[in-house]
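**Student:** Shown below is the structure under consideration.
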Amino acid sequence: MVSKPRPVEILDPMVEIEKGPALWMWDYLRRSGGSGYFLPLSGGADSASTAALVASMCKLVFESVTVDKNEETLKKIRKVVKDDKFYPKTF
């Protein structure tokens, strides 16, 4: 499937820091066939940073499905959660 052309968007460095790892995590999750991530939290800075990146990933995927109405993302998230009728209701 050929994707639609999108205009080039130069991101603010802070937005790039937020989106880069989050998008990589989503790409890895959907391509690996995994069913999610295990996120142990100790309360330290590393745990907080990792939790923030996971939250960013979830937010981007949620917005892709609910706001952008991206059917390809919905298809992939359904494969990850192993439910053909899944539709995210909240972020």
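**Student:** Could you tell me which trypsin sites (Lys or Arg not before Pro) in segment 53-88 are loop residues by DSSP with no more than 13 other beta carbons within 10 angstrom of their beta carbon?
**Tutor:** The qualifying sites are K69, K82, K85.
**Student:** Of the heavy-atom accessible surface of the chain (probe 1.4 angstrom), what whole percent is carbon and sulfur?
**Tutor:** Answer for the chain: carbon and sulfur cover 59 percent of the accessible area.
**Student:** Sticking with this one: What are the semi-axes of the equivalent ellipsoid for segment 19-91, taken as the square roots of 5 times the Cα gyration tensor eigenvalues, largest first, in whole Å?
**Tutor:** After diagonalising the Cα gyration tensor, the semi-axes are 22, 13, 11 Å.
The values are calculated or read from the model by the stated rules, or taken from the named source; none is laboratory data. Quick caveat, the model's predicted, so the values are computed rather than measured. Positions of Cβ are backbone-derived with ideal geometry, glycine not excepted, and every protein chain shown enters the neighbour counts. Only protein heavy atoms, including side chains, enter the accessible area calculation; ligands, DNA and RNA are left aside. Shrake-Rupley method; radii C 1.70, N 1.55, O 1.52, S 1.80 Å.
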